[in-house]
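I have placed the structure first, in the form of structure tokens, so that the comments after it can refer back to it.
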Amino acid sequence: HLACVMDWQVLTRELSLYLESQVRVGLFGSGVGLSLVLGFGVAYACYYLSSIAKKPQLVASNDRFCRFLEEYCPVVTETYYPTIWCWEGRVQTLLRPFITSRPQVQYRNELIKTADGGQISLDWFDNNDSLYYPDASTRPTVLLLPGLTGTSKESYILHMIHQSKTLGYRCVVFNNRGIAGEDLLTPRTYCAANTEDLEAVIHHVHSLQPSAPFIAAGVSMGGMLLLNYLGKTGRDTPLMAAAIFSAGWNVFESVESLEKPLNWLLFNYYLTTCLQSSINRHRQMLEKLFDMDLVMKARTVREFDKQFTSVMFGYPTIDDYYEDASPCRKLKSVGIPVLCLNSVDDVFSPGHAIPVETAKQNANVALVLTSCGGHIGFLEGIWPRKCTYMDRVFKQFVQAMFEHGNKIFSM
């Protein structure tokens with residue numbers, strides 16, 4: 001019996017060695033398998049370097065603004081290398097919330113009252129341990145505006161605060177009404193076109209520290225809201241500059257893109273349910289003005305806006321609301337330096353709808369357009385857990401404006 005066991009072990013070992021040698025010889029020893037692997041790798045690398053990894057397109061009519069960015073915000077002129085295994089726009093959009101880390105941030109919450117009796121939740125990161133700006137009265141302040149259903153807990157907001165912390169800046173996050181856990185005191189939420197709440201927040205923050213340099217950064221719908229505010233106020237704002245990320249420039253084009261079958265399946269339906277969930281918590285308050293059962297039957301963002309958002313803010317039709325909410329119509333009136341980052345493969349903001357020609361007519365505006373990146377994606381590196389290309393643009397631009405902003409139109 002022992003001899004049989006030993007013979008079986010010897011046979012198994014010899015068979016294993018034989019198979020291993022055959023695999024080596026047959027696949028790589030002959031050169032065929034190795035050639036296939038190397039050929040595919042070379043072909044993919046060539047495709048990636050020629051078609052995927054590209055320098056962004058910098059659109060600006062003002063040569064001095066361009067030179068300012070090239071010197072103090074050089075990331076906008078450098079090649080963007082998207083994560084090699086997930087560069088496609090939809091994939092970047094879907095994976096970013098799951099892949100990127102969530103830096104720990106301790107907030108101080110403040111509820112401020114509005115003229116109509118409502119309340120707005122602000123989350124402050126005071127950065128009282130700032131080494132560069134120990135004096136709170138002059139510590140630079142960054143106002144952050146999250147996306148459509150986003151709050152101060154979004155990973156992209158946390159990363160912006162982390163970048164600001166390293167530079168010594170203070171941050172405050174503007175949470176739209178009713179989505180950060182606070183109660184609705186009136187039957188009103190928010191939209192991309194109505195800037196009253198943002199105006200109240202900007203006035204409040206500036207009044208607390210009037211000597212502190214003040215910049216705002218908006219993401220997705222937060223960027224649209226910020227652009228609409230800047231288009232309305234022109235130079236009459238305490239903000240010295242603004243950064244916009246993945247804004248939807250033309251709402252008609254955005255909803256049309258999101259209603260394509262694959263995009264509806266991946267994004268539109270989920271986003272609609274998020275909108276419904278955000279207002280369902282306030283159902284008792286909102287039922288005073290709306291047929292909530294009808295609103296909860298919406299299956300697209302357009303249907304939700306038709307039954308709820310456009311009605312809440314008094315627009316005769318949804319087309320009237322979408323026209324008013326589209327920042328491309330107000331870009332000419334922006335009166336302070338604004339940097340706008342978009343990816344042309346963003347299904348939320350299609351590349352053909354980005355107002356390149358309009359931007360060229362305003363010396364205060366610079367567009368940075370990447371070929372890849374999706375919507376609030378901009379992943380880079382083999383395993384993109386930490387800093388994204390968007391984070392680097394944010395950090396460099398904000399630092400450039402706070403520390404060298406006086407040079408922007410004198411270069």
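Could you identify the single residue in LEU266, LEU258 that is outside the structural domain of ALA366 (by the TED database) and surrounded by 22 or more Cβ atoms within 10 Å (Cβ to Cβ)?
LEU258
Candidates are the residues of region 363-379 that are more than 18 Å from the chain's Cα centre (by Cα) and open to solvent by 10 Å² or more (accessible area, probe 1.4 Å); the one that is farthest from GLY234 (Cα to Cα) is ALA363.
Checking each residue of region 326-342 against the condition of being under 23 Å from GLU88 (Cβ atoms) and surrounded by fewer than 23 Cβ atoms within 10 Å (Cβ to Cβ) gives no match. Summed over region 71-102, the residues that are of a type in the set (D, E, K, R), farther than 16 Å from SER246 by Cβ and either part of a helix (DSSP H, G or I) or touching a helix residue (DSSP H, G or I) at 6+ places or on another chain (Cβ under 7 Å) (or both) give a count of 2. Number of residues in region 362-407 that are of a type in the set (Gly, Ala, Ser) and under 16 Å from TYR80 (Cα atoms) equals 5. Within region 218-230, residues that are farther than 19 Å from LYS395 by Cα have Cβ atoms under 7 Å from residues that are buried (at least 24 other Cβ atoms within 10 Å of the Cβ) and not aliphatic (A, V, I, L, M) in these pairs: MET221/GLY147; MET224/GLY248; MET224/PRO327; LEU225/GLY218; LEU227/PRO327; ASN228/PRO327, counting only partners at least 6 apart in sequence or on another chain. Among the residues that make up region 339-357, is at least one of them acidic (Asp, Glu) and assigned to a helix (DSSP H, G or I)? Within region 339-357 (the criterion being acidic (Asp, Glu) and assigned to a helix (DSSP H, G or I)), the answer is yes, since at least one residue qualifies.
Residues in region 160-173 that are crowded, with 18+ Cβ neighbours inside 10 Å and not in a loop (DSSP other than H, G, I, E, B): MET160, ILE161, HIS162, GLN163, SER164, ARG170, CYS171, VAL172, VAL173. Figure legend. Inter-residue proximity from region 233-245: first residues touching a residue at least 12 places away in the same chain (Cβ under 8 Å), second residues among the hydrophobic types (A, V, I, L, M, F, W, C) and assigned to a loop (DSSP other than H, G, I, E, B), beta-carbon distance below 8 Å, spacing 6+ or different chains. Indicated pairs: GLY234/VAL334; ARG235/ILE336; THR237/ILE336; LEU239/ILE336; MET240/ILE336; ALA241/ILE336; ALA242/ILE336; PHE245/ILE376.
Filtering region 145-159 for residues that are in a helix (DSSP H, G or I), of a type in the set (A, V, I, L, M, F, W, C), modelled with pLDDT of 95 or more and open to solvent by less than 20 Å² (accessible area, probe 1.4 Å) leaves a non-empty set. Test PHE308 against the stated conditions and say whether it is surrounded by fewer than 19 Cβ atoms within 10 Å (Cβ to Cβ), aromatic (Phe, Trp, Tyr) and in contact with a helix residue (DSSP H, G or I) (Cβ under 9 Å, 6 or more places away or on another chain). The answer is no for PHE308. Restricted to region 48-82, and to residues there that are of a type in the set (Val, Ile, Thr) and either closer than 20 Å to ILE408 by Cα or at pLDDT 95 or above (or both), the residue that is surrounded by the fewest Cβ atoms within 10 Å (Cβ to Cβ) is THR79.
With the structure loaded, tell me whether TRP249 is open to solvent by less than 10 Å² (accessible area, probe 1.4 Å) and not β-branched (Val, Ile, Thr) or whether it fails that test. It is true that TRP249 is open to solvent by less than 10 Å² (accessible area, probe 1.4 Å) and not β-branched (Val, Ile, Thr). Could you tell me which residue of region 174-220 is least open to solvent (accessible area, probe 1.4 Å), considering only residues that are polar (S, T, N, Q) and not in a loop (DSSP other than H, G, I, E, B)? That would be ASN175. Does ASP129 meet the test of being in the same structural domain as ASP197 (by the TED database), open to solvent by 60 Å² or more (accessible area, probe 1.4 Å) and not in a helix (DSSP H, G or I)? So ASP129 passes the test. Test ILE354 against the stated conditions and say whether it is crowded, with 24+ Cβ neighbours inside 10 Å and of a type outside the set (S, T, N, Q). Yes; evaluated as a whole, the condition is true for this residue.
Just checking, does region 271-289 include any residue being part of a loop (DSSP other than H, G, I, E, B), open to solvent by less than 30 Å² (accessible area, probe 1.4 Å) and not assigned by the TED database to the domain that holds THR195?
yes
The values are calculated or read from the model by the stated rules, or taken from the named source; none is laboratory data. What you are looking at is a predicted structure, and each value in this text was computed from that prediction instead of being measured. So basically every Cβ, Gly included, is an ideal-geometry build from the backbone, and we count neighbours across all protein chains shown. Surface accessibility is based on the protein's heavy atoms, side chains included, excluding ligands, DNA and RNA. Shrake-Rupley method; radii C 1.70, N 1.55, O 1.52, S 1.80 Å.
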